[in-house]
1. Leaving out ligands and nucleic acids, and using a 1.4 Å probe, what accessible area per residue does the chain come to in Å²?
2. Considering the options 129, 232, 325, tell which one lies farthest towards the positive end of the dipole of the chain, charges being +1 on Lys and Arg and -1 on Asp and Glu at the Cβ, about the Cα centre.
3. Return the long-range amide H neighbours of residue 2 (sequence gap of 5 or more, or a different chain), with a cut-off of under 5 Å between placed amide H atoms.
4. Given a 1.4 Å probe and the protein chains all in place, what does the accessible area of residue 262 round to, in Å² to the nearest 10?
5. Which values of log₁₀ I(q)/I(0), to two decimal places, follow from the Debye formula for the stretch 340-456 at q = 0.14 Å⁻¹ with a uniform point scatterer at every Cα?
6. Order these peptides, 72-78, 196-202, 117-123, 323-329, by their mean beta-carbon neighbour count within 10 angstrom, highest first.
7. Taking every pair of Cα atoms in the stretch 179-233, average 1/r, invert it to obtain the Kirkwood radius, and report Rg/Rh to two decimals.
8. Can you send over the carbon and sulfur percentage of the accessible area for the chain, probe radius 1.4 Å, protein chains only?
Amino acid sequence: MRTLITGGLVVTAAEEMTADVLIEDQRIVALAATGSAAAGSWQAETVIDATGRYVLPGGVDAHTHMQLPFGGTSASDTFETGTRAAAWGGTTTIVDFAVQSMGGSLREGLDAWHAKAEGNCAIDYGFHTIVSDVNDAVLKEMELLTASGESTSFKLFMAYPGVFYSDDGKILRAMQRGAASGGLIMMHAENGPAIDVLVAQALTAGHTDPRYHGEVRRELLEAEATHRAIKLAQVAGAPLYVVHVSAASALAELATARDQGLPVFGETCPQYLFLSTDNLAERGADGFEGAKYVCSTPLRPREHQAELWRGLRTNDLQVVSTDHCPFCFVGQKELGRGDFSKIPNGLPGVENRMDLLHQAVVEGRISRRRWVEIACATPARMFGLYPRKGTIAPGADADVVIYDPGAEQVLSAATHHMNVDYSAYEGKRVTGQVRTVLSRGAVVLDDGRWLGRAGHGRFLTRATCQYL
């Protein structure tokens, strides 16, 4: 079967052109300027008219947590519901996190996540590995997983003592192994032991409301941990990718390292670009509304947003992912009534990312090409999926989004497809909306009709980081 997409403005990280796109056998086989002799000679069983719309590579969300057990509950999106919602929002690839249990192996964690995802995903997916327990056997597993391509990136935590936390010695050993084998170390950079002291002190003082979650997870403790992670990576001679950067001072640490020529990279998320501590302080009818916005790293005061946008423009931040980890307000976030430390950490957002970033294009914060770069091309390159994913070019998978830049919509839990009972962006008006989505050439969404299916998505083996 051949599919022809005609007349749209093809936007990639590198260029924009009004072009026709020819798809065959799940891949893009050719591009040609609309109206050219080459394009005019093409025949296809399915023709999609994209006149007046953008033709984009499918989004790559390199940071999601489907069905993640956390805080006595589990993220409310399954791989089935979460990947379907991603496609509704123009994302056609996710990279989720398989979790090593303390005392267990990386293999056991990956097997558990494969069992959750296989046969359930509507779009293609891969796995990073969360390393909770660094030891000789685990270091060898890191090497083997990198060589096989099953998992070429490994996340460590400087936060959550007793759960995911690794001390500096363990982090250094993992970084050394990554430097030797090509695996990319991803870092949750917050000083967990210090945060735990502040949490205990806040609760003792009777400070239990959701807003204190942001107050105890101090900006300086994110900046300190970011600096320390950079220096440990420098000692190990390893590249470093810092996840969910939320604070201007942490970004400054990344910028300084990059100015020194170090292979240090940073990711931020829509919640840090569009939400703030004002949301955490919301009380609502029952005084607990701010719980909806509890995530880690936490939301920061609004003045940080300008610096994060600047970091995206200057390439001190390279990627916008979602850290999608939804918990329903009723029955899940409510676990933390009377004790903010028991509120499950995480926000929904996998469906909103592409639209929110297009709103930034409309507002002049970033260009169209930079939108595609930070949401599609760079995450694919960073995690070994380019040019199969993240671009529109001959040979690439036919993951294509036809996007209406003039459509207007209001983000709301009443209309989203994520399996969660609230929207973090409830009532926000944005310009731009996905109209048609192709995943490996199959139309999975068309003009408000879901045509996809669970099990269409395939597991992706990955190369090592292509961004170095």
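1. Working: 16200 Å² over 468 residues.
Result: 35 Å² per residue.
2. Checked the options; the winner is 232.
3. Close amide H contacts, sequence-distant or interchain: 45, 46.
4. Here the accessible area works out near 40 Å².
5. Debye intensities relative to I(0), on a log10 scale: -0.71.
6. Working: 72-78: 19.0, 196-202: 14.7, 117-123: 21.6, 323-329: 25.1.
Peptide ranking by packing, descending: 323-329, 117-123, 72-78, 196-202.
7. Working: Rg = 14.7 Å, Rh = 12.7 Å.
A ratio of 1.15.
8. Details: 7890 of 16200 Å².
After summing per-atom areas, the C and S share lands at 49 percent.
The values are calculated or read from the model by the stated rules, or taken from the named source; none is laboratory data. No experiment lies behind these values; they were computed from the predicted model shown. Cβ coordinates were reconstructed from backbone atoms using ideal geometry, including for glycine residues, and neighbour counts include every protein chain displayed. What goes into the accessible areas is simple: the full protein's heavy atoms, side chains included, and nothing from ligands, DNA or RNA. Shrake-Rupley method; radii C 1.70, N 1.55, O 1.52, S 1.80 Å.
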